[in-house]
1. Under a straight-distance cross-link criterion of Cα-Cα below 12 Å, which aspartates and glutamates are reachable from Lys103, leaving out those fewer than 8 residues away in the same chain?
2. What FRET efficiency comes out for Tyr80 versus Val31 if R0 is 22 angstrom and r is the Cβ-Cβ distance? Round to the nearest 0.05.
Amino acid sequence: MMFTELLLVLLLAACVPAQVQICDLNPPDRVECGYPGISADTCRSRGCCFNSAIRGVKWCFHPKAQVCDVNPAERIECGYPGISADTCRSRGCCFDSAVRGVKWCFHPKG
């Protein structure tokens with residue numbers, strides 16, 4: 001009976017869509033997740049990204065969730081022209097200024 005329950009739990013877990021974390025962010029788009037001097041292990045244990053390759057930027061930062069990967073032409077406005085990345089994210093929205101002429105602050109998928 002124990003094996004059957006374990007198998008059922010594993011099958012159910014496989015059906016739940018996972019949110020993929022993306023740690024490849026431009027340094028200005030990084031949102032702090034730690035504190036100065038945080039170790040890579042402590043940072044990652046918080047579910048955050050760690051990259052110390054560039055001096056003078058946040059090394060421990062929140063990942064970009066895949067739900068923010070919205071086709072630029074399909075973005076739904078969540079802010080206003082000139083909104084800052086921090087203000088946009090504080091509203092629970094996505095911010096991506098990589099493409100000109102489209103909404104930079106937009107609602108995530110779903």
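1. Counting by Cα, and skipping residues close in sequence, Lys103 has these aspartates and glutamates nearby: Glu74, Glu77.
2. For R0 = 22 Å, the calculated efficiency reads 0.65.
No lab work stands behind these numbers, since they all come straight from the coordinates. These numbers come from a predicted model, not from an experiment. Every residue, glycine among them, receives a Cβ derived from its backbone with ideal geometry; neighbour counts consider all protein chains shown.
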